[in-house]
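Trainee: Below is the structure I would like to discuss, written out as structure tokens.
Every number in this text was worked out from the coordinates using simple rules, so none of it is lab data. All of these numbers come straight from a predicted model, not from anything done at the bench. Cβ placement follows ideal geometry from the backbone for every residue including glycine, while neighbour counts extend to all protein chains displayed.
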Ligand SMILES: [Ca+2]
Ligand SMILES: [Ca+2]
């Protein structure tokens with residue numbers, strides 16, 4: 001099934017020099033020792049192949065045999081330049097004239113299909129040609145394995161080994177600076193990585209990204225299965241167009257380049273094969289697939305791809321711990337958003353009433369630190385907006401605990417309980433200073449509090465089914481200088 005390894009640009013063919021001269025020639029036409037291959041669709045200057053003698057005037061004709069149609073086809077020639085239009089070797093007839101002397105000689109120029117630049121880079125372009133041990137990448141130009149617009153080549157990937165790649169095997173490293181000019185999207189503000197995958201095996205192939213973004217302090221490293229990645233699956237026996245939204249990974253800025261042009265971000269497409277043995281002590285196994293049409297494109301090219309992404313702070317909230325009975329869901333309904341692109345929908349249903357508040361948000365993760373607006377802390381206020389979509393009031397308070405320093409729970413002195421009224425947005429404020437919090441919640445990348453949580457209690461009655469439930473939306477979570485208000489509707 002593998003095609004032969006086709007050439008890089010420098011594919012020399014040594015030719016026999018003798019012979020085809022016609023017997024009536026008086027003038028000898030000689031060719032150089034080797035002839036560089038021509039590429040389909042690329043202008044080819046033949047003049048370097050003629051050993052030219054002084055006083056002789058040379059001209060050429062070019063033709064090829066179309067073996068599919070069984071015809072001989074002439075190619076237009078401009079001086080010594082012609083352009084092969086099919087992947088058939090071209091015969092070049094050279095005529096030399098000097099006074100009454102005439103000579104003719106014919107030679108064959110091999111014609112190759114040039115690989116697409118990105119395919120060539122991902123197979124052999126230094127770091128971008130790299131893959132995890134056991135993977136072998138080759139350029140293929142056989143039309144049976146091409147897919148996508150104007151494709152002249154694809155990448156054949158073969159794995160042989162005994163690594164099941166629980167974190168995905170790295171196959172395509174697209175963070176080579178030389179790749180940059182191959183991408184359709186040069187803006188990155190809502191970029192999508194697209195690729196066609198042909199899976200000839202009997203099992204699914206799964207694809208995910210690993211992104212190391214060094215544009216932020218300490219960097220962001222998102223690996224296999226992290227950050228709520230939506231795996232892309234190539235099913236057996238067909239081509240599948242896979243897409244990765246970089247915005248969903250929180251990336252809306254240029255990767256790889258900064259002002260100096262040298263940021264060391266990395267972006268790798270990894271894969272895992274569902275046919276891989278489940279235990280670690282199996283003999284080697286193998287699988288293969290084909291990749292084509294890999295590109296970084298603007299979202300406008302595939303507007304149906306969902307690139308919506310929770311606001312950064314909400315993403316951390318949603319992945320932090322909260323009490324049983326709560327459900328936190330990304331919300332993109334514009335009527336339930338105060339700022340940014342999303343809010344958090346909170347659904348609660350439980351037989352537990354949480355009379356002293358159920359925890360809905362843990363704020364003691366150092367991941368929040370770069371997201372807070374106020375880094376001063378002397379007089380900072382924790383704030384967020386609540387749309388109470390329930391018939392009765394919802395109360396909110398904090399739980400702040402650091403052994404030997406601070407221990408405040410629901411409704412205790414200096415720990416106000418604030419109310420979100422039904423059917424409207426309310427911005428809630430929690431002045432941290434009166435609670436004794438006047439220094440950063442985090443130090444040296446770690447939380448200073450064992451607990452720094454927002455708790456909620458619903459004042460409504462139990463439902464008929466003896467379940468206690470309510471519904472709300474939260475947005476605009478931030479630590480701000482005191483008195484900093486958001487533009488909240490209904491107030
Ligand atoms: Ca291609
Ligand atoms: Ca928001």
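Trainee: Any idea what the alpha-carbon Rg over 2.2 N^0.38 Å comes to for the stretch 312-481?
Mentor: That works out to 0.99 for the stretch 312-481.
Trainee: Would you kindly calculate the mean projected area, averaged across all directions, of the convex hull enclosing the Cα atoms of the stretch 62-121, in square nanometres?
Mentor: Mean shadow area of the hull around the Cα atoms is 5.9 nm².
Trainee: Right, next: If you find the alpha carbon centre of the stretch 194-232 and of the stretch 253-271, how far apart are they in angstrom?
Mentor: With the stretch 194-232 and the stretch 253-271 each reduced to a Cα centre, they are spaced 15 Å.
Trainee: P(r) of the stretch 406-449 in 10 Å steps, Cα pairs, percent per bin?
Mentor: 23, 39, 29, 9, 0
Trainee: Applying 1/(1 + (r/R0)^6) with R0 = 25 Å to the Cβ-Cβ distance of residue 323 and residue 429, what FRET efficiency is obtained, to the nearest 0.05?
Mentor: After rounding, the FRET efficiency stands at 0.65.
Trainee: A further question on this structure: May I ask you to sort 165, 82 by Cβ crowding, counting other Cβ atoms within 10 Å and putting the fewest first?
Mentor: Least to most surrounded, the residues fall as 165, 82.
Trainee: Another question, if that's okay. Remind me, relative contact order of the stretch 230-327 in percent, using alpha carbon pairs under 8 angstrom and six or more residues apart?
Mentor: In percent, rounded to a whole number, it is 30.
Trainee: Can you tell me the FRET efficiency between residue 47 and residue 166 if r is taken as the Cβ-Cβ distance and R0 is 56 Å, rounded to the nearest 0.05?
Mentor: Efficiency at R0 = 56 Å is approximately 0.45.
Trainee: Taking 7 Å along the Cα-to-C-beta vector as the label spot, tell me the residue 301-residue 418 distance in nanometres, rounded to one decimal.
Mentor: 4.6
Trainee: Let me ask something additional. Computed over the Cα atoms of the stretch 220-341, what is the ratio Rg over Rh, Rh following Kirkwood?
Mentor: So for the stretch 220-341, dividing Rg by the Kirkwood Rh gives 1.01.
Trainee: Here is a follow-up. One quarter of the convex hull surface, Cα atoms only: what value does that give for the stretch 117-301 in nm²?
Mentor: If I average the Cα hull's projected area over directions, I get 10.6 nm².
Trainee: Which order do peptides 231-242, 247-258 fall in by mean Cβ count within 10 Å, highest first?
Mentor: So the peptides 231-242, 247-258, ranked by packing, come out 247-258, 231-242.
Trainee: Diagonalise the Cα gyration tensor of the stretch 12-112 and give the resulting equivalent ellipsoid semi-axes, square root of 5 times each eigenvalue, largest first, whole Å.
Mentor: Largest first, the stretch 12-112 gives 23, 14, 13 Å.
Trainee: Once the principal axes of the Cα atoms of the stretch 136-233 are found, what is the range along each, listed largest first in whole angstroms?
Mentor: Ordered largest first, the stretch 136-233 gives principal extents of 46, 35, 21 Å.
Trainee: If contacts are Cα pairs under 8 angstrom and at least 6 residues apart, what is the relative contact order of the chain in percent?
Mentor: Relative contact order, the chain: 11 percent.
Trainee: Moving on. In 10 Å bins starting at 0, how do the alpha-carbon pair distances of the stretch 282-376 split up by percent?
Mentor: Percent of pairs per bin, in order: 12, 28, 26, 17, 14, 4.
Trainee: Now a separate question. What list of whole percents do you get for P(r) of the chain, with Cα-Cα distances grouped in 20 Å bins up to the one holding the largest distance?
Mentor: Going from the shortest bin to the longest, the percentages are 19, 35, 27, 12, 7, 1.
Trainee: Just report the Cα centroid separation between the stretch 46-62 and the stretch 99-172, whole Å.
Mentor: Rounded to whole Å, the Cα centres lie 33 Å apart.
Trainee: Another question, if that's okay. Express the relative contact order of the stretch 360-491 as a whole percentage, based on alpha carbon pairs under 8 Å and six or more residues apart in sequence.
Mentor: After rounding, I find 42 percent.
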